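Where a number appears in this text, it was derived from the coordinates with a stated rule and is not lab data. Please read these numbers as outputs of a predicted model, since none were measured by experiment. Because the Cβ atoms are built from the backbone with ideal geometry, glycine has one as well, and the counts that use them run over all protein chains shown.
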Amino acid sequence: MPRRRVLWLATAVAAVLVIAGAGLAYALTSRNDSPPTAAPSAAPSVARTSASPAPSPGADITGPLDLLLVGVDTRVTIPDWEPHADSIMVMHVEADLRSAYLTSLPRDLRVSMPAFAPAGFPGGRYKITEAMSRGSRVPGSKKPNPEQGYQLLSRVVSSYTGIKKFHAGAVLTFTGLSRLTDALGGVTMRIDTKVLSQHRKPDGTLRPMRPGGGGYTGPQATYLPGSRTLVGWQALDYARQRYGLKNGDYDRQRHQRQLVAALLAKAASSGLATDQPKLDAVLRAMGDTLVYAGDRSPVEYAYAVRDLEPSGITLVGLPGDSVLSGGGYLGEQLLPVGRAYFKAVAQGRVAAFVAAHPELVNK
């Protein structure tokens with residue numbers, strides 16, 4: 001498998017974060033190789049003109065490309081739990097297909113949602129995380145449809161950002177993120193602030209709920225600043241935390257983007273492209289934890305961005321604040337500079353915009 005397709009696989013991980021997931025999703029849904037070509041029968045030798053090799057699939061794809069990466073909380077321990085989009089990332093790949101910008105939308109972003117007939121949803125204003133759950137509902141059934149939820153979410157994100165089309169997208173579950181990190185042998189990243197886990201004890205076991213509810217109790221896993229190597233449950237746990245952080249979900253979004261970058265770097269350095277047994281183990285570990293959507297095959301997109309290195313991806317953080325009504329919390333909103341960022345993406349001038357707003361770049 002080409003090295004670039006392996007990087008594609010890693011980006012899918014995050015969640016949270018899509019294009020990388022594309023390559024993985026293809027591997028999971030297209031496991032059968034083409035049948036071997038039969039040996040030609042003997043024939044008289046004749047002079048032939050050499051035919052030009054066929055262009056690689058995806059060679060005709062041009063930039064820019066816009067991709068939607070979604071990390072979902074499926075609560076697999078709760079029967080028929082509707083998926084919520086806990087991590088929503090937009091990756092914009094520039095026209096040269098060598099540079100990209102990765103940013104996040106707050107899970108509690110207050111947005112307008114259109115009516116969505118497949119789910120019997122009439123539309124309205126809600127937190128963007130609810131687009132996955134409301135869109136996943138199947139009338140007459142208690143079993144949610146995550147592919148259907150992604151359809152509504154992508155429409156909502158497109159309407160909010162002004163990005164007319166997402167060329168590819170992926171939905172990755174929390175379990176998928178943990179499995180992929182372990183399959184890669186863990187991930188090393190620089191933790192920028194002390195983080196206390198709400199969900200896990202230091203040994204990785206779950207913290208019990210307080211009697212009567214209202215949070216958890218017991219010792220907490222702690223992530224200290226510095227370069228740290230995390231195993232699967234730790235990477236997932238670290239990327240989920242928002243309580244106790246100075247900027248809440250905005251700090252969590254930054255940590256999730258950092259995790260995506262770290263996973264990309266690990267995939268690039270781990271030799272998966274030439275280690276078929278290890279690659280197979282990664283693919284098997286993912287199981288059915290990933291959903292892919294795109295208008296071209298993942299392999300074609302993987303080829304198109306073969307020259308996009310992890311160092312060519314700029315991590316962008318967009319500031320926001322709370323939406324209140326009558327003293328009650330309704331959700332979040334991006335500040336004007338955040339809305340201007342997406343306008344620049346839609347108009348094809350994001351590089352100039354980010355250069356003029358260096359404070360948005362995660363160092």
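Cβ-to-Cβ counts within 10 Å put S270, S197, S56 in ascending order as S56, S270, S197, the fewest first. Counting only lysines at least 8 places from K246 when in the same chain, those with an alpha carbon closer than 17 Å to its own are K194. Annotation: amide H-H contacts under 5 Å for L330 (H modelled 1.01 Å from N, sequence separation of 5 or more, or interchain): V323, L324, S325. Derived scalar couplings between HN and Hα for the stretch 352-363 equal 5, 5, 5, 4, 7, 10, x, 5, 7, 7, 6, 6 Hz in order, rounded to whole Hz, by the Karplus curve 6.51 cos²θ - 1.76 cosθ + 1.60 (θ = phi - 60°), x for Gly and Pro. Backbone amide hydrogens, once placed in the peptide plane, bring A221 within less than 5 Å of S197, R200, K201, excluding anything fewer than 5 places away on its chain. Cβ-Cβ distance of S227 and V337, R₀ of 35 Å, FRET efficiency by 1/(1 + (r/R0)^6): the value works out to about 0.70. The fewest-to-most ranking of W81, W233 by surrounding Cβ atoms within 10 Å reads W81, W233. Simple spin-label estimate for H199 and A351 gives 3.8 nm between the two label positions (7 Å along the Cα-to-Cβ direction from each Cα).
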